[in-house]
1. Please get the size of the charge dipole for the stretch 191-279, origin at its Cα centre, with Cβ charges of +1 on Lys and Arg and -1 on Asp and Glu, quoted in debye to the nearest 20.
2. Using only Cα atoms, tell me the angle between helix 188-199 and the longest principal axis of the chain; keep it within 0 to 90° and round to the nearest 10.
3. Counting pairs of alpha carbon atoms under 8 Å apart in space and at least six apart in sequence, what relative contact order in percent does the stretch 162-278 give?
4. So if we plug the beta-carbon distance of E399 and K448 into 1/(1 + (r/R0)^6) with R0 = 56 Å, what FRET efficiency do we get, rounded to 0.05?
5. So if we plug the beta-carbon distance of T291 and K193 into 1/(1 + (r/R0)^6) with R0 = 22 Å, what FRET efficiency do we get, rounded to 0.05?
6. Test of understanding: ordering V100, V9 by Cβ neighbours within 10 Å, fewest first, what list do you get?
7. Can you tell me, using C-alpha contacts under 8 Å and at least 6 residues apart, the relative contact order of the stretch 56-137 as a whole percent?
8. Looking only at Cα atoms, what is the convex hull volume of the stretch 196-330 per residue, in Å³?
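Just so you know, all these numbers are worked out from the coordinates, no wet-lab data involved. Not measured: the values here are computed from a predicted model. Here the Cβ is made from the backbone with ideal geometry for all residues, glycine too, and neighbour counts use every protein chain on show.
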Amino acid sequence: MISSTVDLVLKNAKIFTFRGIVTGGLAVEKGKIVKLSKEPELPRADETVDAKGFLLLPGLIDSHVHLRDMELSYKEDFYSGTCAAAAGGITTVIDMPNTVPRTSSLKALREKKQEARKKIVINLAFYAGFPSRLNEVEKMAKEGIVGFKIYPHDPLEEIDWNNEEQALSYLKAAEKNNLPVSIHPDDLETINKLQSELKQQKLSDIEVFLGSHPATTEKKAIVKFTEWGTKTGCHIHICHVSSVESLTAIKEEQNRGTKLTCETTPHHLLLTKEEIKKQSTFAKVLPPLRTRNDNTALWAALLEGIINTLASDHAPHSLSEKEKPFPEAPSGFPGLETLLPLMLMKVAHGDLRLEKLVELTSSSPAKIFKLKNKGMLLKGCDADMVLVDLKEKWKIDPEKFYSKSKFTPFNGWKVTGKAKMTFIKGSCVMSDEQIITHRGTGSIINIKL
């Protein structure tokens, strides 16, 4: 039953639904969508916003974000990072645990939440690293995390991910608590071996980096963890898939019915290793940018449904860190403010259907990570929304980022499509590139299993 006057009516919009575009508006009460219809049927409202004929999409859910903060707040903090997300049309982010301190204990997780509550302007959920004690897995799960994250090449915890017995015990514990385990697919032993060999060949630093992180290493980790996932029944999610070899292994496992999902990123879809040679450390990322053939295979897998989600892998660093010599410079770059425009550009070019974009960035991550009432514009769903101009042409300029990281390998790219307004539970937090809300107005999401 809709009250006589609702909190918000958004009128004159083209509203995306999986049944087609609805021209009209929607009503929001207490943060929820209560009606979606043609305008004469909409109720009166305390606030009315004219969408000016722009397209209304479900707010994006970015399931792979490094918001840093705590002891790494010089790179990014919860306020700057969530402002960047809002500016990019992203309404929910899932924060990764490889922070300082590392989020692999209840104490660290609770401290992180406490800090985040004071600063965030959108919705925020958390990953955790596995706690060192197996009996604490259930306690971490009850704290509301979306899942656990494993970095085999740089473990967050005192767990030997080459020890099958130990690894299986943790994956079983995750499965028992109905939580997915996300994998950064890499293999430290192989990396170290190849680095040692390549350094003796008088190759450039870039050639050593690329040569020591081959696609075969990524595939090796995927095969190992999906096999363990099958043994335990644990849902395995593979992060930032970058290569043909990895896709082959993933497709085989999916065809077998393995509980397996995966993601890729805009930079692995759009850039090649040639960018590393041009931009040096500013295009350094893990896994590395690969070949045009890998780009093509990733696009095909994305359109076919083998790849389930798109994520930014937003990994901000300070400019002084990225300007270090190549071997010392950290991997990664910001992505929250480029994810949507880069993909809208592909929609404008006819390379990506709008329905597929919404599936990859909203409905699918909501389903995979159990984000209730998010990812779609339907009655009863949270009014997390982004209003976009599909026709606006503009140039990516990192100097205008809300992120503390004012660089991107996409600097100067001409794109078509831009987020104009971002709403969190019916409240506008970004309008025409300006953040119009205050610190701490966002919400922590705690998953109830």
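1. The dipole of the stretch 191-279 has a size of about 180 debye.
2. The angle comes out at about 60 degrees.
3. 29 percent
4. E(calc), rounded to 0.05, equals 0.85.
5. So, using R0 = 22 Å, E works out to roughly 0.45.
6. V100, V9
7. 33 percent
8. 116 Å³
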